[in-house]
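The values are calculated or read from the model by the stated rules, or taken from the named source; none is laboratory data. Here the structure is a predicted model, which is why all the values come from computation and not from measurement. Please note: Cβ atoms are built from the backbone with ideal geometry, for glycine as well, and neighbour counts cover all protein chains shown. All accessible areas refer to the heavy atoms of the entire protein, side chains included, with ligands and DNA or RNA removed. Shrake-Rupley method; radii C 1.70, N 1.55, O 1.52, S 1.80 Å.
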Protein chains: 2
Amino acid sequence: MENFVYIIPVLGIIGLLTMYLKAKWVSKQDAGDATMSELAGYIANGAMAFLRAEWKILGYFVIIASILLAWSGSVVETSSPIIAISFIIGAVFSATAGYIGMNIATKANVRTTQAARTSLPQALKVSFTGGSVMGLGVAGLAVLGIGSLFIFFYTMYVVNTGADVNGKMMEKALEVLAGFSLGAESIALFARVGGGIYTKAADVGADLVGKVEAGIPEDDVRNPATIADNVGDNVGDVAGMGADLFGSYVATILATMVLGREIVSQDNFGGIAPILLPMVIAGVGLLFSIVGMLFVKVKGEDGDVQKALNMGNWSSIVFTAIASFFIVNWMLPDTAMNIRGFEFTKMNVFCAIILGLVVGTLMSAITEYYTAMGKRPVQSIVNQSSTGHATNIIGGLSVGMESTAAPMLVLAAGIYGSYYFAGLYGVAIAAAGMMATTAMQLAIDAFGPIADNAGGIAEMSGLPKEVRNRTDNLDAVGNTTAATGKGFAIASAALTSLALFAAFVGVAGISHIDIYKADVLAGLFVGGMIPFIFSSLAIAAVGRAAMDMVNEVRRQFREIPGIMEYKAKPEYEKCVAISTEASIREMVAPGAIALIVPIIVGFTFGPEVLGGLLAGVTVSGVLLGMFMNNAGGAWDNAKKSFEKGAVINGETFYKGSEPHKASVTGDTVGDPFKDTSGPSMNILIKLMSIVSLIIAPHIAVNEGHGAQMMNGGDKIECMMDCCKTMNGDAEHNMNYCKNFTAATGVKCEMDENGQCMIDSTDCARLISEGKMDAKSCEMVNGKCKMSTEACQKMMENKAE
Amino acid sequence: MENFVYIIPVLGIIGLLTMYLKAKWVSKQDAGDATMSELAGYIANGAMAFLRAEWKILGYFVIIASILLAWSGSVVETSSPIIAISFIIGAVFSATAGYIGMNIATKANVRTTQAARTSLPQALKVSFTGGSVMGLGVAGLAVLGIGSLFIFFYTMYVVNTGADVNGKMMEKALEVLAGFSLGAESIALFARVGGGIYTKAADVGADLVGKVEAGIPEDDVRNPATIADNVGDNVGDVAGMGADLFGSYVATILATMVLGREIVSQDNFGGIAPILLPMVIAGVGLLFSIVGMLFVKVKGEDGDVQKALNMGNWSSIVFTAIASFFIVNWMLPDTAMNIRGFEFTKMNVFCAIILGLVVGTLMSAITEYYTAMGKRPVQSIVNQSSTGHATNIIGGLSVGMESTAAPMLVLAAGIYGSYYFAGLYGVAIAAAGMMATTAMQLAIDAFGPIADNAGGIAEMSGLPKEVRNRTDNLDAVGNTTAATGKGFAIASAALTSLALFAAFVGVAGISHIDIYKADVLAGLFVGGMIPFIFSSLAIAAVGRAAMDMVNEVRRQFREIPGIMEYKAKPEYEKCVAISTEASIREMVAPGAIALIVPIIVGFTFGPEVLGGLLAGVTVSGVLLGMFMNNAGGAWDNAKKSFEKGAVINGETFYKGSEPHKASVTGDTVGDPFKDTSGPSMNILIKLMSIVSLIIAPHIAVNEGHGAQMMNGGDKIECMMDCCKTMNGDAEHNMNYCKNFTAATGVKCEMDENGQCMIDSTDCARLISEGKMDAKSCEMVNGKCKMSTEACQKMMENKAE
């Protein structure tokens, strides 16, 4: 069964091949007339210009970061300079995922417009296939990347050295693999923040002057910022989101693998089934996402697009859930497993996966409730628009805050429940289960901006109204899926962070994070603040960039005569340049906070305070993220409610009415909330956790592997807590060691820290022989920590 | 020195007498002409109508809550049904504090208007004396109440029974005293939330129709909601704030006392100096507040009002700081003290007090920076007003989020530092030091709304422009002091909550709150959500009530002919009734959350999860509170910037310009932020901590006093950790006990749980004789927990 592991990259390659076929199909579609091609060309060029500018900056970052990583990898024994290569591959894969998405999106947009000239089913087919290319690209690259790197490092560090699969060398392999996740998540952060600033600066700027001041419709070809606005949809909503979900997906799998290493498993996969499981489920989820995509189609002009997407989504989720039952049953051992003293069976693991799927589904449903047109929350904002801008804003803020309540309860229950099933491994695998159908989820998400762009092109090219109606139909569904996708994403980010948090605690060698300690509590406070300052920077950046955009658009209207009469062409590229420069400049500060704060806190105050900080970041980040995403989504749909006529106290109001104007204000405020700072929260909390995990070996305390590495060998890995109380009293411990060996026949040696240790293989043997209770030996980083009680009892038993 | 304790209520009485003289002086001032008296009469009647309605509802609440408390007090041995009486007294005192403030404010307002007809110094004198009455009333009642109740319960439970001052009976006395704080804080919550909803519903409603739709100025007598608006200033900003600070003040003192009980102190006050200290400092702070008030005066028309207030504030702070040096030096023992294993000296305590003052001052200064006119944050909002409503809102939200960063770092440093000085007692006494000059702080705070009201009366009575200018001058300063006061209040609330949190941990018998445990982490998540749902409810309530108000004002303008031509009088009382009913109705849900959630979580999941919940509430509440207070304050002053002409990109804009209109939107959004939900966060976090402290004995785990009460006596209170590992092995423990007695000569008995205990007096004696290291004996609830190492060493030493 050893070769079974190769199935994982193969599944990734299947995903990428399917993607290639779908991409080819999209390219073959008719790209419309000359005007349409010209406009699409502007958008594609603008998007590429942004990517090039972004990659240049990120190139420097990756080089510097990888040098630092290589150096740091050479300092501790559980890491290696190779982590830098892993990091670079992660960064390149993440950038590639974004590129694939943007490339296909800028092709699919105009082809969707052209398809919409014929029929709705055809328009859906083109746009959704575009989205699918993105989904399959991201998931395929992730599975391929993490699968093949794992095989490589596993072979190099564990198989070739004959080391213990639960031991230090496997820890090293996974630590090096974590570099891949760090690379992916770093690029994701910059892509999300940079793209988010880009898209909203352009959007807000275009709206404020175009719609409000000049009174021309959205996506009017006369608006100089309109191309930048459409480019923004691609760089923010497509490339940014692609990199984001790529990062989430990888981080979730990695966190589960790191925790899986701690589980001693008597399986047919050389004892690494708990490590392989999350990758296999991801690969299978990818496969069933491809199957699910077949279900996404509508019959005629009045087909229900939302229902079609739901069919696809549900079928891939249900198939994956059923498949995981068989996979878990086949891969995991029949005997009970144990993680840090928590015992569980393979069926417990399956239950945790199902719980993860349920949590994800509930989170999506709640998000939909709070952001959907016609439901109570959005309607309350509509009602409050009747008394002006201010009450509309108050209404949206209140809805956003309220919307955190139910998801937090669901999330808390999810944490509680998945832990109840399978301890920390349960929490991690629940997140992995939730993320398994990322390909499908992303296809649905990416379809939205493609449809949005298609509508823009239809408007700018002056196509007939029925074309715009078809694209609007798709776009409206896209707004809902964007909101539910965000609910899903933040739930998975929260669970992933907790899994990473647990992995961090293990590697850092601490056994608890006690907020009753003043310094840890101070860490919690500071951590809670980080998402606020991060959001502030992101929102302020949008505000500043939007003002630059407004001034430029006003200047063009003023200085270029004939724009309004379609006689002169606006200078689109100047607006594109403003957005590009602003987003590149402004993404640095928030990105730096996420990367640097954990390093400073960890090295200055140690791992427990850093743990407090991470908890603060996670709680506050999840709350703020949900608040901002949902408030933004609700404002957006409150505004959209007026397009078909919104009823307030029996009176119907339309576009252009005073309440509608108030709702436009809310929508504009919501833009940076829901597309810049809100979705960045996911990445912020994960990235800070990953950085902490990477530095954990450097800041580990006594009992962590950092100190124990000093023993040099791979053998002495079982530390007994019983002599720890006499820590430092070398003579006493030496005697204790001798007595223990005499009484039990198990070799006991002293390490340099004056602690007595027994071999991890002895440890495992004693447990399997029933001479040592698994519960009394808590496995931490492959070392067995026994309680005083347990080891004294063992000595007594032997002595008898 | 035993009688020294009577000095505390005496200081309270001195404060109340001074208050009486000042109140009499205000009443004697000229109340102006008939129009002014009539308007002032409307306001005073409206305010009293609100108080009556509120008290009626709160009356029912107090009766029900006190019955429940009496019952619960009879269940555990460290409490008593008398806690209900304590609770009722706290509630009545809190309501009285609010009443005193409102009564004087509704007198001082019109008298300030009248005084402003003559000169600025006179107007300041009247308004500030009005504020001083409020400040002295609140602080005087607090010091009198807590001082005399303490004497009563101390005499009853400790002196009369001859019990140990660090023991269980003192714990009981303080637990019963906590009822006073619970009563005060409960009323504060309802007063703050109810008053906040009242004032902002009226304010927003009056502005939206009056200023925006009808185009009449603020405080115009033709606006039907104008009286309600002015009533709101009194019920929200005066009565609400009075009850709020009364609650904070009491809670801070109480938390320090509860922690002080754990300290074994060889002092001249019968060992209770650490318990008396916070009350004495509060009393002295009250005294020096009276002194500081003498410094608040300006010379002529162009006198600097802000400087006068600063003089008063600073002098009272500096005098109190100097006095505390001597008090600490005199009261606390020269020998080292110890709280839960943390050793400190009396000079450490003084340092913690100074640190508290520094933290409070820094918090005020940072808040002022973020909300003051002309500084970068407010100017950035002004600039963003030039591009419309939406960018103004985005700017304010971004400033609000940014403004959490520096205060959180200061607060974290404060926690870290005050703990470093004197452990948990340091954290608590730092908060107590910060709150010591509450009388002065509140005088400055309450002066603002009085000046605001005076301006309203001037406007409504059509007095000459110079009168309005004088009141506007006072009002502008009042806005700044309101903002800095809030910074101070939230800092003290955060430290108080931590002190209460620490007190809770002790009483509940847990020794840590480990967020690495899944259930505790889930508690942290849910806790973090509470301030969001609470704020959502409060903000939504304002939105709903404001809409009712808008509709009523529109109706009156429509249905009562001649209002606009001053020919008909609007029906002011209908608007007053709307605000009153809405606030009473809407304050119930948020209040219930604060009271009920800790009870449910505590009894369902136990104290550690409740601890996680409290930490989540505190972190998230402090952050949201600062975010909302500062965003609201900054929006308010951004709007005010336009009154004197705001410069944007070289161009000057005035009232009525487009940027000004955008800034009005921001101000309106900020109103419920800064006057309803923001300030409620202080009370929310404190109240939930107090409720937890009250239920702690009921949910205490093994090692808490709950279990140990079963011993029945007051003697056996020293639990040794060394036999805990063998818990349950009764024979082993019995032998251990015998051996311990034999080796050390100290009597050791077994309790019903099979744990060996030594007498607390033996414990104290051993420590004082230097035979037991105080560090190895961690005092938890007056029980000594010794490490295995320490007690084995003790046996070895004795055996030698």
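Here are some notes:
- All positions within the range B:530-547 that are open to solvent by 10 Å² or more (accessible area, probe 1.4 Å), facing chain A (nearest Cβ under 7 Å) and modelled with pLDDT of 85 or more: B:ILE533, B:ALA540
- Condition check for B:MET460: over 25 Å from B:ILE100 (Cβ atoms) and away from chain A (no Cβ under 14 Å): yes
- When the residues of the range B:23-81 are filtered to those that are aromatic (Phe, Trp, Tyr) and touching a Ser or Thr at 6+ places or on another chain (Cβ under 7 Å), the one that is most open to solvent (accessible area, probe 1.4 Å) is B:TRP25.
- Residue within the range B:597-616 that is without any contact (Cβ under 8 Å) to a residue 60 or more places away in the chain and touching an Asp or Glu at 6+ places or on another chain (Cβ under 8 Å) present: no
- When B:GLN379 is tested against (1) open to solvent by 10 Å² or more (accessible area, probe 1.4 Å); (2) within 9 Å of chain A (Cβ to nearest Cβ); (3) closer than 17 Å to B:ALA662 by Cβ, just one condition goes unmet, and that condition is (2).
- Taking residues in the range A:192-205 that are modelled with pLDDT under 85, and partners anywhere that are in a helix (DSSP H, G or I), the pairs with Cβ atoms closer than 7 Å and at least 6 places apart or on different chains are A:VAL204/A:VAL542; A:VAL204/A:ALA546; A:VAL204/A:THR668; A:VAL204/A:ASP671; A:GLY205/A:ALA546; A:GLY205/A:MET549; A:GLY205/A:VAL550; A:GLY205/A:VAL553.
- The residues in the range B:517-526 that are more than 7 Å from chain A (Cβ to nearest Cβ) and at pLDDT below 90 can be counted, and the count is 1.
- The residues listed here are B:GLY602, B:GLY591, B:GLY632, B:GLY625; of these, the one that is open to solvent by less than 10 Å² (accessible area, probe 1.4 Å), under 30 Å from B:ALA503 (Cα atoms) and within 14 Å of another protein chain (Cβ to nearest Cβ) is B:GLY625.
- Verdict on B:ASP667 being of a type in the set (Asp, Glu), modelled with pLDDT of 90 or more and in a helix (DSSP H, G or I): yes
- For the range B:392-420, filtering for residues that are among the β-branched types (Val, Ile, Thr) and under 19 Å from A:PHE627 (Cα atoms) leaves 4.
For every residue, the table says whether it meets (1) over 27 Å from A:ASN268 (Cβ atoms); (2) at pLDDT below 90; (3) surrounded by fewer than 23 Cβ atoms within 10 Å (Cβ to Cβ).
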site	(1), (2), (3)
A:GLY292	yes, no, no
A:ILE322	no, no, yes
A:ALA336	no, yes, yes
A:GLU343	no, yes, yes
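- Filter pass, A:PHE642 being over 20 Å from A:ILE593 (Cβ atoms), in contact with a strand residue (DSSP E or B) (Cβ under 7 Å, 6 or more places away or on another chain), open to solvent by 20 Å² or more (accessible area, probe 1.4 Å) and not basic (Lys, Arg): no
- Selection from the range B:399-457 of residues that are away from chain A (no Cβ under 12 Å) and not in a helix (DSSP H, G or I): B:ALA436, B:THR437
- Unique residue being touching a Gly at 6+ places or on another chain (Cβ under 9 Å) and open to solvent by 20 Å² or more (accessible area, probe 1.4 Å) when the list is A:ALA494, A:ALA482, A:ALA508: A:ALA482
- Selection within the range B:152-162 - open to solvent by 20 Å² or more (accessible area, probe 1.4 Å) and of a type outside the set (Ser, Thr, Tyr): B:PHE152, B:MET156, B:VAL159, B:ASN160, B:GLY162
- Scanning the range B:454-479 for residues that are open to solvent by 10 Å² or more (accessible area, probe 1.4 Å) and β-branched (Val, Ile, Thr) yields one hit, B:VAL477.
- Per-region count, the range A:356-376, residues surrounded by fewer than 24 Cβ atoms within 10 Å (Cβ to Cβ), assigned to a helix (DSSP H, G or I) and within 28 Å of the chain's Cα centre (by Cα): 9
- Answer from B:ILE43, B:ILE67 - the residue that is within 25 Å of B:VAL691 (Cβ to Cβ), in a helix (DSSP H, G or I) and touching a helix residue (DSSP H, G or I) at 6+ places or on another chain (Cβ under 9 Å): B:ILE67
- Residues being within 13 Å of chain A (Cβ to nearest Cβ), out of contact with any Pro (no Cβ under 6 Å at 6 or more places or on another chain) and over 22 Å from B:MET688 (Cα atoms) are represented in the range B:509-516 by at least one member.
- Condition check for A:PRO224 on (1) open to solvent by less than 10 Å² (accessible area, probe 1.4 Å); (2) in a helix (DSSP H, G or I): one failure, at (2).
- Note on the range A:163-186: among residues that are among the acidic types (Asp, Glu) and closer than 23 Å to A:SER66 by Cβ, the one that is surrounded by the most Cβ atoms within 10 Å (Cβ to Cβ) is A:GLU185.
- Number of residues in the range A:382-398 that are in a helix (DSSP H, G or I), within 7 Å of another protein chain (Cβ to nearest Cβ) and of a type outside the set (Ser, Thr, Tyr): the value is 7.
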